[in-house]
Amino acid sequence: MKILAIGRNYAEHIKELNNEKPDEPVIFTKPDSALLKNGANFYYPDYSNDIHHEIELVLKICKVGKNIDEKFAHKYYEEIGLGIDFTARDLQQKAKEKGLPWAIAKGFDGSAPISDFVSIKKFKDLNNINFSLQVDGDVKQQGNTGLMLFNFNYMVSYLSKFFTLKKGDLIFTGTPKGVGPIAIGQKLEGYIEDEKMLEVHIK
């Protein structure tokens with residue numbers, strides 16, 4: 001399985017990081033060793049001093065697809081979950097300044113905590129799903145899929161041009177505004193609508 005991620009998919013998040021609004025999806029990947037499952041703790045690594053939380057909805061691909069037409073893209077995912085795209089902002093900035101790839105800033109071990117997945121049939125409208133992140137009980141990020149620059153079907157279709165999508169592949173669909181640093185001792189809780197889906201303790 002592989003993890004494909006969409007960057008800069010919420011306009012307000014683009015503004016808060018002073019990035020340019022993209023004309024097409026910004027794509028990056030994470031290795032499977034980035035996954036953190038079953039409520040496992042996140043251990044703050046010694047190679048970064050500025051790791052940020054980025055809460056995201058995550059699609060799980062349900063069958064093989066290549067060059068998928070957007071109008072058929074909905075047939076390639078049946079479940080949705082919640083994930084956190086931990087980003088080592090200091091490593092990312094250092095790479096950006098040198099014009100270098102920032103793979104380690106996004107793909108380090110444990111940088112992709114994920115929840116269990118639920119059927120998309122739970123939701124009346126996939127373009128109107130609320131999700132949020134709380135840090136020690138305080139809401140830090142709130143998003144709604146209606147605010148995405150590129151919707152689920154467009155993402156699946158676009159990605160399938162470059163990558164053969166396979167059953168079990170995960171697509172991180174972008175983060176809303178409110179990203180910020182994490183610290184040892186904090187508890188992060190992710191919600192889809194009012195249902196708690198994810199809990200991560202920072203050690």
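Residue-wise test of (1) touching a Phe, Trp or Tyr at 6+ places or on another chain (Cβ under 8 Å); (2) touching a residue at least 24 places away in the same chain (Cβ under 8 Å); (3) closer than 18 Å to I27 by Cα; (4) polar (S, T, N, Q).
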residue: Y44; (1), (2), (3), (4): no, yes, no, no
residue: K60; (1), (2), (3), (4): yes, yes, yes, no
residue: V64; (1), (2), (3), (4): no, yes, no, no
residue: E70; (1), (2), (3), (4): yes, yes, yes, no
residue: L82; (1), (2), (3), (4): yes, yes, no, no
residue: F86; (1), (2), (3), (4): yes, yes, yes, no
residue: K96; (1), (2), (3), (4): yes, no, yes, no
residue: D116; (1), (2), (3), (4): no, yes, no, no
residue: N128; (1), (2), (3), (4): no, no, no, yes
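Residues of the stretch 16-46 being in a strand (DSSP E or B) and not polar (S, T, N, Q), which ones?
Residues satisfying the conditions are V26, I27, F28, K30, L35, L36, F42.
Working only within the stretch 55-70, note down all residues that are surrounded by fewer than 19 Cβ atoms within 10 Å (Cβ to Cβ) and in contact with a helix residue (DSSP H, G or I) (Cβ under 8 Å, 6 or more places away or on another chain).
C62, K63, K66, N67, D69, E70
Where residues in the stretch 184-203 are assigned to a loop (DSSP other than H, G, I, E, B), of a type outside the set (K, R) and touching a residue at least 60 places away in the same chain (Cβ under 8 Å), which of them is farthest from S33 (Cα to Cα)?
Filtering first and then ranking leaves E193.
Is it true that some residue in the stretch 154-171 is among the acidic types (D, E) and surrounded by fewer than 20 Cβ atoms within 10 Å (Cβ to Cβ)?
No - not one qualifying residue is present in the stretch 154-171.
Name the pairs: first residue in the stretch 144-167 and among the hydroxyl-bearing types (S, T, Y) and part of a loop (DSSP other than H, G, I, E, B), second residue at pLDDT 95 or above and surrounded by fewer than 19 Cβ atoms within 10 Å (Cβ to Cβ), Cβ to Cβ under 7 Å, at least 6 apart or on different chains?
Matching pairs, first to second residue: T164/V64; T164/K66.
Determine if the stretch 160-182 includes at least one residue that is touching a helix residue (DSSP H, G or I) at 6+ places or on another chain (Cβ under 8 Å), of a type in the set (F, W, Y) and more than 27 Å from A40 (Cβ to Cβ).
For the stretch 160-182, residues touching a helix residue (DSSP H, G or I) at 6+ places or on another chain (Cβ under 8 Å), of a type in the set (F, W, Y) and more than 27 Å from A40 (Cβ to Cβ): absent.
Looking at the stretch 47-92, which of its residues are in a strand (DSSP E or B) and of a type in the set (V, I, T)?
Correct list: I51, I55, V58, I61, I80, I84, T87.
The values are calculated or read from the model by the stated rules, or taken from the named source; none is laboratory data. All of these numbers come straight from a predicted model, not from anything done at the bench. We place every Cβ from the backbone using ideal geometry, glycine too, and count neighbours over all the protein chains shown.
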